[in-house]
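Here, each number is a calculation from the coordinates, and none is a lab measurement. Bear in mind the structure is a predicted one, so any value in this text is a computation, not a measurement. Cβ placement follows ideal geometry from the backbone for every residue including glycine, while neighbour counts extend to all protein chains displayed.
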Amino acid sequence: MKIGIIGAMDSEINLIKNFMTNPTEKTIGRVTFYEGKIFDKDIVLFRTGVGKVNAAIGCTIAIENFGIEKIIFTGIAGAINNKLNILDIVVSEKLVQHDFDLTGFGCPLGLIDGEDSVFFDADKTLVELSKNAAIKVLGDDKVYTGIIATGDQFIADKNKVQNIGSIFDAFAVEMEGGAVAQVASHFNIPFVVIRAMSDKADGSAHMNYEEFKPLASDHSAKIVLEILNNL
Ligand code: ADE
């Protein structure tokens, strides 16, 4: 069973890379893949770059060329729900692309042509494993499961974030998860997205993001290592 461990940025995969024993490196297109083992599990680790298209490119290459059979996406996000604090964790129950807009044709916001729902469901077993791993690493007062909204925008505006929250009942906003979900569901591959909150997607988002990116990235990566330890 080969597991794809994916992040958008170096900060999100660095900690995990250090745990790989003798990884082999292969670059396809502009994506570098690291194949090796962590805790005896076969891993393909890579960084997609930011945004939905980059995420879709990386995931598709990994599925087609490395035969990954599960996807765990790790990284950081902006918190939407008021209950959440910076550095809390959201494990994806569902993903939605909040900027996919065919509303002019009578479709609900987020509905992608050819899909029956605006939401892509994460794999229930991976969600449960991720939630338990996150609780073990950070404590249960810091861990939530819920909807994650994805779009090709860094959200840093109170009205925008509240709008995304109220339309989709989303807990967190980021820039890749919905694309990973679409590709995974296209190829029928179980997936989960784990996000540590780096900011609240409001007027302070850029400042908080810069400050908390390293720690939030490491928290999310530690949870992935704990999952691999239990798989
Ligand atoms: N990733 C981390 N913070 C984010 C935000 N505020 N908007 C989109 N993606 C993010």
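Report the relative contact order of segment 1-146, percent, no decimals, based on alpha-carbon pairs under 8 angstrom and at least 6 residues apart.
Relative contact order here is 21 percent.
For E93, enumerate residues with amide H under 5 Å from its amide H, sequence gap 5+ or separate chain, H modeled in the peptide plane.
Placed amide hydrogens put G146, I147, I148 under 5 Å from E93.
Based on alpha-carbon centroids, what's the gap between segment 74-88 and segment 175-196 in Å, whole number please?
Centre-to-centre distance over Cα atoms comes out at 18 Å.
Sequence gap at least 6, Cα distance under 8 Å: using those rules, report the relative contact order of segment 89-231 to the nearest whole percent.
30 percent
Across the chain, where is the longest run that never hits GluC sites (Glu not before Pro) in a DSSP loop with at most 16 other C-beta atoms within 10 Å?
Longest gap between qualifying sites, sites excluded: 116-231.
With the dipole of the chain worked out from charges on the C-beta (+1 for Lys and Arg, -1 for Asp and Glu) around the Cα centre, which of L109, T32, N82 lies farthest toward the positive end?
It is T32, whose Cα lies furthest towards the positive end.
Which of the pairs K17/K83; K41/K142; K2/K160 have their Cα atoms more than 29 Å apart in this structure?
K17/K83; K2/K160
Quick check: the distance between the Cα centres of segment 97-129 and segment 136-174, to the nearest angstrom?
Cα centroid to Cα centroid, the span is 15 Å.
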